[in-house]
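What follows is a set of notes on a single structure, which appears directly below.
The values are calculated or read from the model by the stated rules, or taken from the named source; none is laboratory data. The shown structure was predicted, so the numbers you read here are calculated from the model rather than taken from an experiment. All Cβ positions, glycine included, derive from the backbone under ideal geometry; neighbour counts span all protein chains shown. These area figures cover heavy atoms from the full protein model, side chains too; ligands, DNA and RNA do not enter into them. Shrake-Rupley method; radii C 1.70, N 1.55, O 1.52, S 1.80 Å.
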Amino acid sequence: MASLVSHRPHGIEHPYATSIDQRIPVLPLDGQPVRLGVAAQPEVVSVVCELESTGEGGSATTHLTLQPREASAADAAALAGGEGHLAEAQAASIGGEGGWAVSTPPLGADTAYRYRFTATTASGASESTDWFEVAAAQWLPEGGTLTGADSRLVPGSVEWLVSSGGVHRVRFALRLQQGDHVVGFGERYDAVDQAGSTLDAVVFEQYKSQGVHGRTYMPMPFAHVISADGSSWGFHVRTARRTWYDVGASAPDRLVVEAALGGQAQESLDVAVFEGTPTAVLSRFLDDAGRAEELPDWVFTLWASGNEWNTQRLVMERLDSHRDLGIPVGVVVIEAWSDEEGITIWRDSRYEVNEDGSAHVGADFTYPADGAWPDPKAMVEELHARGIKVILWQIPLLKTEHTEAGLHRQVLAEGEAMVREGHAVREADGTAYLNRGWWFPKSLMPDLSTQRTRDWWTEKRRYLVRDLDVDGFKTDGGEHAWGHDLVHGDGRRGDEGNNLYPVHYARAFGDLLRSEGKAPVTFSRAGFTGSQAHGVFWAGDEDSTWAAFQSSVRAGITAAACGIVYWGWDLGGFSGPVPDSELYLRSTAAATFMPVIQYHSEFNHHQLPLRDRTPWHVADTNGDPEVVEVFRRYAALRERLVSYLRVSAARTVATDAPLMRGLFFDWPHDPQVWSHPAEYLLGDSLLVHPVTEPGAQRWETYLPEGEWVDVWTGEQLAGGREVTKDVTGHVIPVYCKAGDWPDLAEVFAD
C-alpha cells in the first residue's frame, strides 16, 4: 500500500529541474529559506510540516501548513524537444500531480534542523514520514586543499561551501586577460568560444535543442585559453563530479570554477594548468584522459541508418537501392533489430529461456522464415560481400515489470540475475537502481564500472560478434544515472561515478570486440573525460533545421578540441519532417568533410509519409531528382577521401593535433580566425567552411596566412584575407594548402 505522503530531499535529481517531492534548494545557504515539497495521495486533505531547530539559544518546534500546488511545470528545455516520438516523454518526466509545498523561515548555519511531514485524510487517518535533516551552508576561506592552479589562480578567490555536515563545494577564479578566447568543456553546441558565458559539466540527455539550452551529452572539465597575443594555456579540473563555470560573464578578468565535492570534513581538489600551444595543451590533457587509437578505413566511409529499418527485408531494400543507384556505402547501423527489452536477441527468433539469466550462444537460436529477421547471419555475410560493415544498436538498460507489462521471460530472468548476482547499479539503501530518466524509465542499469559486470553484460552479446560476425555496436544512451548517492561497484558514489558511466559503457563493448579480433568500433553520443580512448561519436538527437546544422558544426569543432577524433552527426538532422533539398545537400557537403559521415532518421511509428533520410527518399519527398545525383557525387568523393582521412587520423593519434580542428590551433596569433568560428581544418591540408544559411549564393571564407588552392577550380589564392566563393550548385568552400595540392588534386579531379 502506497504511503499517504512522501518526500525525497534531492527529488529525482534531474540536473536542471526539480520534482514536486523535493527540498529546494537541497543545500540552502546561511539565511536562505527552503521550500519543502511532498507528493500526497488524492485522499489527503492536509499536510503539516514539523520543523525542529536546535542552536545556542535552545530548541524550538514550528508547525508549517503545506498548500496544494499545481502539477509541477515540466523542465522548459525538455519541452523544446518539440515534435518527435520522445519529446512528450522527456517533458512529462518532471511533472506530477498531488504536490504540496511550504516555505520555511530563513535557516541559519549555526543551527541544526530536522523536519517531518504528517498527512491527514478526510476520514481522519493520518501518517507521518521519517525525520529529515537539513543544515545551512556558508562560503568560507577554509575547508580543504586546492592544488595545481597557483600559476593562474586569482589570489584570495578560493572559497569552500561548508555546513555542519561537511565540505560540499569549492570555487576559485583563474585569471583572464582582455580578449581571451576560451574553447573546450567537451562537446558544445552553442558556441565555439565560451568567453562571456556560464555553463556546467554534467552528462545529460537533452533531446534536441542542445545549443539553445547549453546542455551536452559529452561534457569535460577542460578548456583552452587563447589570448589576443596568440599565447595559450589550458586547465583540467581533475574530477568526475559536476563542475560549473563563469567564463568572464560576471567579471571579464576571471574565469570562476565551482566544483562539487564529497561532503567530508576535509576535501581536496586538484587542477592541472597546462602551458603551451593549443596542441601542446591538448596533449597534456590527453595524458590525463587517454587517447584514441587508429580505427580501420571503413569508419570513414558513408554510414547509413534509419530507426524504422526494423526487418531484414527493409535493410536489404535500402542497401539494394544504394547499389542500384551507384551510391557507395560502407556501414549500415541497424537500430531496430531486437525487441528493445534486453537488446540481445533478434526479434522473432526462437530459443529456450535461460532461467538463470546466463548468455546464449548462436546455436541456441532459430529464425522463422516469416519472421522479421529470417537469416541474420546470411544478411551479414551478404553485406560483407558488398563491402558493408554492420553495426547493431545498444542501450545500457534492461526493462523490468515496472517499465511495462508483458515482457519476455528471458528479459525478466536476466533482470532477476542482475539483481541477485550484484550486477546492478544500486541505490544507497542497497536496492537496485531503476532509471529515473524519461527514456526506458524504471529499467535496471548494469554496473559497468567493474570488469565483472562488463563481462557479464557483454557476454550476452558475444554471439553477435563471434557467430554472426557483426562489426560494432551503436552504444546509444549512457546518461541514465541520476542520483548523488547511487552506489557504483568501483567504490564511487553517484555524484562521482555518474559522469563516468558512458566511458565504462563504450569501453565494455570495445573490449568485447577486441576479444573477438575486431576493431573496437563503438558509436556513442554520451561521454566524459576518458571517452577519447573509446571509439566513434555522433552529436546526438537533432531536428532537421538550419539552426541544428549550425549547432552540430560547433559540436564537432569543440569535441575535437577536447581530443575526440572520430566524430560525426546525423547529416540534415534525424527528427521531424524530411528536410528540404537545400538543407539536406548542404549538410551532405559538410559531412563529406568531417571525420564521420552518416545519415539517420527517427522512429515515427511507421506512419506515412515516411521520414527516411535516404537520398532517394529526400529526392522523392521534395520532387527533386537532383538530390540523388548530388549526393552520389559527394559519396563518391568521400570514397576518394578515405585514404587521406586514414593518414590524417593516424597523424592525429600520433601528434594529438585534432583531425577536425578550429583554425586557432594552427593560427593562434591571427585574430581573424575568431570571426570565422565555423571554419576548420580537416587534417593538415584541407580548410573547410560549411554553408549553413539557406539561400546562400556566395560564401565568404577567411584564408589564414599562406598559399591556398580552391579544390573545385584549382585556382591558387593568397591567404591572410577573406575570399568569396560562388556556392550555387551545392558547392562547399574547401581550400587546400598549396604545398599539399599535388598529392590531393587527383581526389578532386572527378
Segment S151-V45, length gained on full extension (0.36 nm per residue, minus Cα span):
32.1 nm
With a cut-off of 16 Å, note down the residues of region 475-506 whose backbone N falls inside the zone around a label point 7 Å from the Cα of E427 toward its beta carbon.
481-488, 494
In whole Å, what are the extents of region 375-425 along the principal axes defined by its C-alpha atoms, from largest to smallest?
43, 24, 15
Region 577-683 shape via C-alpha gyration tensor axes, a/c threshold 1.5
prolate
Counting Lys and Arg as +1 and Asp and Glu as -1 over every other residue whose Cβ sits under 12 Å from the Cβ of A173, the net charge comes to 0
Structure shown: which of K389/K474; K474/K518; K208/K442 lie over 18 Å apart, alpha-carbon to alpha-carbon?
K208/K442
Could you tell me the relative contact order of the chain? Use alpha-carbon pairs under 8 Å, at least six residues apart, and round to a whole percent.
11
On a 0 to 90° scale, report how tilted helix 626-655 is relative to the longest principal axis of the chain, with both axes built from alpha carbons and the result rounded to the nearest 10.
70
Note the angle between two axes, namely the Cα long axis of helix 312-325 and the longest principal axis of the Cα atoms of the chain, as a number of degrees from 0 to 90, rounded to the nearest 10.
30
Extension gain (nm, one decimal) between D580 and W139, 0.36 nm per residue minus Cα-Cα
153.4 nm
Grab the beta carbon distance between D348 and A125, set R0 = 56 Å, and tell me the FRET efficiency rounded to 0.05.
0.65
Averaged per residue, what accessible area in Å² does the chain show with a 1.4 Å probe, protein chains only?
36
Full extension from D324 to D229: what is 0.36 nm times the residue separation minus their Cα-Cα distance, to one decimal in nm?
28.7 nm
Cα extents of region 607-750 along the principal axes, largest first, in whole Å, come to 53, 32, 30
Dmax and Rg, reported as Rg then Dmax, of region 706-750 (C-alpha, Å):
10.5, 29
Cβ under 13 Å from T111's Cβ, T111 left aside: what net charge do those residues give with Lys, Arg +1 and Asp, Glu -1?
-4
Helical contribution to [θ] at 222 nm, DSSP H n ≥ 4, -39,500 (n - 2.57), averaged over the chain, rounded to 500
-6500 deg cm²/dmol
Cut-off 15 Å, label 7 Å out along Cα→Cβ of S515, residues of region 338-364 by amide N
358-362
May I ask you to evaluate 6.51 cos²θ - 1.76 cosθ + 1.60, the Karplus curve with θ = phi - 60°, for each residue of region 302-310 and list the ³J(HN,Hα) values in order in whole Hz, giving x for glycine and proline?
5, 9, 10, 7, x, 5, 8, 7, 10
Of all accessible heavy-atom area on region 684-739, the percent that carbon and sulfur account for (1.4 Å):
43
Would you mind checking which residues have amide H under 5 Å from T692's amide H? H placed 1.01 Å from N; only 5 or more apart, or other chain.
none
If you fit an axis through the alpha-carbon atoms of helix 546-561 and take the longest principal axis of the Cα set of the chain, what angle between them do you get, 0 to 90°, nearest 10?
90
Shape call, region 255-373: gyration tensor on alpha carbons, a/c limit 1.5:
oblate
Taking semi-axes √(5λ) of the Cα gyration tensor in Å as the quantity of interest, determine which of [x] 49, 35, 18; [y] 44, 35, 23; [z] 66, 35, 30 was computed from the displayed structure.
[y]
Straight-line reach check, K725, cutoff 17 Å on alpha carbons, 8 or more apart in-chain or any other chain, hits among aspartates and glutamates -> E679, E693, E700, E707, D710, E715
Given a cut-off of under 8 Å on Cα pairs at least six residues apart, what relative contact order in percent is computed for region 324-404?
42
